[in-house]
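The values are calculated or read from the model by the stated rules, or taken from the named source; none is laboratory data. Predicted model only: the values in this text are computed from it and were never measured. Cβ atoms come from the backbone with ideal geometry, glycine included; neighbour counts cover every protein chain shown.
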Amino acid sequence: LVREANDVMLALLGRTRAELEAGEIRWLEATAPEDRAREGEALEALRRDGSCPPYEKRLVRPDGSRTPVLFGAALADPSA
């Protein structure tokens, strides 16, 4: 479930703020099936190391089109 997103992310997802607030955006559904394994690896690295290196994936929009994006993440407090 996507809980927060700025307007740029919503545009990349092809979704609206109303859909976000209604809890209608699911991260796994927005990730191309062929990229889901890589997504899992990145989440595991984030949990284990407190960060994950940048990686490419494709977001799937409601109309089926795909948007390539570069993601990376770091926990503000790795001990959290």
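Per-structure values
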| read-out | value |
| --- | --- |
| Candidates Ala5, Ala73, Ala18 - the one that is hydrophobic (A, V, I, L, M, F, W, C) and either touching an Asp or Glu at 6+ places or on another chain (Cβ under 6 Å) or assigned to a helix (DSSP H, G or I) (or both) | Ala18 |
| Checking Gly72 against (1) of a type in the set (Gly, Ala, Ser); (2) surrounded by 16 or more Cβ atoms within 10 Å (Cβ to Cβ); (3) within 12 Å of the chain's Cα centre (by Cα), the condition it does not meet | (2) |
| Hey, Leu28 surrounded by 11 or more Cβ atoms within 10 Å (Cβ to Cβ) and in a helix (DSSP H, G or I) or not | no |
| Subset of the range 1-21 [free of Cβ contacts under 8 Å to residues at least 24 places away in the same chain and under 22 Å from Ser65 (Cβ atoms)] | Ala5, Asn6, Asp7, Val8, Met9, Leu10, Ala11, Thr16, Arg17, Ala18, Glu19, Leu20 |
| Condition met for Leu59 (modelled with pLDDT of 95 or more, touching a Lys or Arg at 6+ places or on another chain (Cβ under 7 Å) and surrounded by 13 or more Cβ atoms within 10 Å (Cβ to Cβ)) | yes |
